[in-house]
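Please treat every number below as a calculation from the coordinates, not as lab data. Computed from a predicted structure; not experimentally measured. Reconstructed Cβ throughout: ideal geometry from the backbone, glycine too, with neighbour counts over all protein chains shown.
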Amino acid sequence: MRHFLTLNDFNKDELLSMLDLALELKVQALHGQVPPYLGGKVLAMIFEKSSTRTRVSFESGIYQLGGHGIFLSHKDIQLGRGEPIKDTARVISSMVDMVMMRTGAHERLEEFAEACSVPLINGLSDDFHPMQLMADYLTMIECGIYVPHFHALYPKEGRIPVVAYIGDGNNMAHSWINLAAILGFELRIATPEGYAPKDAILSRAQALCAQSGGKIIVGRDCKEAVSGANVVTTDTWASMGQEEQKKERERAFAGFCVDTAMMKLADSNAIFLHCLPAYRGQEVSEEVIDGAQSRVFREAQNRLHAQKGVMLYLARVNNIPLVRV
Ligand code: CP
Ligand code: NVA
């Protein structure tokens, strides 16, 4: 069974195939004609944390593909009352065709996957947010910023993009690290002291960079990180589950707000990305997120198409019978 728990579960060609599918499905959606490839299929969506984009993109996505999504809040299912993860996984996966789960500790997803008889998708864990990165790279491709490669849909020319990630070394930073290492682009991360990404995730990625041509630099200097970058991105300073650290983090992250002065140091055609939800005046200024270089709402809408591409790809590689159209 091929699950999608982190970007590392797939190689470059496989991730790009999912994005090809996503782009194809996006064009079809714009013409009001998404083929019902997953007709009659059911996706269970388990949420142990809040969500706007992930829930709506998966629920709309499976519906557009002809299937049906079941929203399961942990508050309403026995998992929230202590039913073992392995029992929940075994039962739910015996009744549906695919599962998406948003949780805290990444190990919870791994435990679920072990007992899950259908493909499992990570809808965010404390360590990774791979579905967001699929939409982010899709947005980069649409904006003409991508790693040049020999892939049918995109031109072969171009230069290796530089992405600057400013802020917390969290699940988003970790997934950017994985993507840079797999696809082979330059990622510069600037975090305050004590908020760097996890060493184990970084060193695994650095090893992969030797083959892919990727480059990952982690430091403390925002200016150095954004200098000439093609993409500037950030994330909330206090992620879900860190609400009680909000004040202390606001102090630690002073100087890490992506504002107009910071954007001026990037490439003049640079775009600004943010997974959302955003906190204006903290990790990003109002002027930047609502400004001409921001692509955050395109990025958010691309979640819908990226998620469809991922679900369709997982159905194909796991031999889930598709509706012939
Ligand atoms: N970016 C993202 O995953 O948003 P939600 O938390 O609203 O799903
Ligand atoms: N780092 C954030 C991402 C939200 C989509 C969090 O985990 O809350």
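At a threshold of 8 angstrom on Cα-Cα distance, excluding pairs fewer than six apart, so keeping six or more, what relative contact order does region 261-325 reach in percent?
Across region 261-325, relative contact order equals 28 percent.
Provide, for region 195-252, the number of lysine pairs with alpha carbons under 23 Å apart, each pair being eight or more places apart or on different chains.
Close lysine pairs under the 23 Å cut-off: 5.
May I ask you to derive the FRET efficiency for residue 1 and residue 83 from their Cβ-Cβ distance with R0 = 25 Å, giving the value to the nearest 0.05?
Between residue 1 and residue 83 the formula returns 0.70.
For the chain, what relative contact order do you get, as a whole percent, if you take Cα pairs closer than 8 Å and at least 6 residues apart?
21
In deg cm²/dmol and to the nearest 500, what is the mean residue ellipticity at 222 nm of the chain if only DSSP H runs of at least 4 residues count, each as -39500 (n - 2.57), divided by the residue total?
Calculated from helices alone, the mean residue ellipticity at 222 nm is -12000 deg cm²/dmol.
Which length gain, in nm to one decimal place, applies between residue 142 and residue 117 when the Cα-Cα distance is subtracted from 0.36 nm times their residue separation?
Extending this stretch completely gives an extra 5.5 nm.
Determine, from the Cβ-Cβ distance of residue 243 and residue 221 and an R0 of 30 Å, the FRET efficiency 1/(1 + (r/R0)^6), rounded to the nearest 0.05.
The formula returns an efficiency of 0.55 here.
Nearest 10 degrees is fine. How inclined is helix 12-30 to the longest principal axis of the chain, computing both from alpha carbons?
Compared with the principal axis, the helix lies near 80 degrees.
How far apart, in nanometres, would the label points at residue 316 and residue 60 be if each is projected 7 angstrom from Cα along the Cα-to-Cβ direction?
Label-label distance for residue 316 and residue 60, simple model: 2.4 nm.
Once you list every other residue whose beta carbon is under 10 Å from the beta carbon of residue 21, what net charge do they have if Lys and Arg are +1 and Asp and Glu are -1?
Net of charged neighbours comes to +1.
How high is the relative contact order of region 238-299, in percent, counting Cα pairs under 8 Å that sit 6 or more residues apart?
Reported relative contact order: 34 percent.
With Cβ to Cβ distances under 12 Å as the rule, what net charge do the other residues near residue 242 carry (K, R +1; D, E -1)?
Surrounding charge for residue 242 is -3.
So how much slack lies between residue 105 and residue 279, counting 0.36 nm per residue of separation and subtracting their Cα-Cα distance, in nm?
60.2 nm
Tell me the trypsin sites (Lys or Arg not before Pro) within region 1-86 that lie in a loop according to DSSP and have at most 10 other beta-carbon atoms within 10 Å.
Taking region 1-86 and a limit of 10 other Cβ atoms within 10 Å, the loop trypsin sites (Lys or Arg not before Pro) found are 75.
Return the aspartates and glutamates within reach of residue 86: Cα separation strictly under 13 angstrom, same-chain partners fewer than 8 residues apart disregarded; answer none if there are no such residues.
Counting by Cα, and skipping residues close in sequence, residue 86 has these aspartates and glutamates nearby: 107, 110, 111, 114.
Per 0.36 nm of contour for each residue apart, how much would the distance between residue 76 and residue 199 grow if the chain were fully extended, relative to their Cα-Cα spacing?
Additional length available on full extension: 40.6 nm.
What FRET efficiency, computed as 1/(1 + (r/R0)^6) with R0 = 56 Å and r the Cβ-Cβ distance, is obtained for residue 90 and residue 290, rounded to the nearest 0.05?
Result of the calculation: an efficiency of 0.75.
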